[in-house]
Amino acid sequence: MLPLSMAGMGETHEIAKITGRDEVRRHLAELGLVVGERVTVMNTLSGNLILQVKDSRIALDRALCSRIMINV
């Protein structure tokens with residue numbers, strides 16, 4: 001496992017684990033980022049990541065992405 005912030009552009013991975021406080025995990029779950037979901041890194045801008053989750057694109061900062069662990 002490694003953090004989503006280490007994934008390369010265009011790569012699709014499955015979320016294995018989400019760390020952090022309950023409110024952080026709840027916020028990510030509301031955005032559709034839950035364990036087992038597939039996420040694609042669409043682009044990186046100034047250290048932030050643009051993600052494709054289901055039919056939505058989401059921008060997250062590197063700190064939040066480092067809390068999302070992916071299978072490689």
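The modelled label-to-label distance between Val24 and Met42, using points 7 Å beyond Cα along the C-beta direction, is 2.5 nm.
Which of the trypsin sites (Lys or Arg not before Pro) found in segment 2-64 are in a DSSP loop and have at most 16 neighbouring Cβ atoms, other than their own, within 10 Å?
Sparse-neighbourhood loop trypsin sites (Lys or Arg not before Pro): Arg21, Lys54.
Calculated mean residue ellipticity, 222 nm, the chain: -4500 deg cm²/dmol, from DSSP H runs (n ≥ 4) at -39500 (n - 2.57) each, averaged per residue and rounded to 500. Our estimate of slack between Leu31 and Ile50, defined as 0.36 nm per intervening residue step minus the Cα-Cα distance, is 5.6 nm. Direction-averaged projected area, Cα convex hull, the chain: 4.0 nm², rounded to one decimal.
The residues neighbouring Leu31, those whose beta-carbon lies less than 12 Å from its own, together hold a net charge of +2 under the Lys/Arg +1, Asp/Glu -1 convention. Other residues with beta-carbon under 15 Å from the beta-carbon of Ala16 carry, at +1 per Lys or Arg and -1 per Asp or Glu, a net charge of +1. Taking each residue as 0.36 nm, the span from Lys17 to Leu2 lengthens on full extension beyond its C-alpha to C-alpha distance by 4.4 nm.
In the context of the full set of protein chains, residues of the chain present 59 Å² of accessible surface per residue (probe radius 1.4 Å, heavy atoms only). What part of the accessible area of the chain, given as a whole %, is carbon or sulfur when the probe is 1.4 angstrom? Answer for the chain: carbon and sulfur cover 49 percent of the accessible area.
The values are calculated or read from the model by the stated rules, or taken from the named source; none is laboratory data. Just so it is clear, the structure is predicted and the values come from calculations on it, not from any experiment. All Cβ positions, even for glycine, are placed from backbone atoms using ideal geometry, and neighbour counts span all protein chains on display. Ligands, DNA and RNA are excluded from the accessible area calculation, which covers all protein heavy atoms including side chains. Shrake-Rupley method; radii C 1.70, N 1.55, O 1.52, S 1.80 Å.
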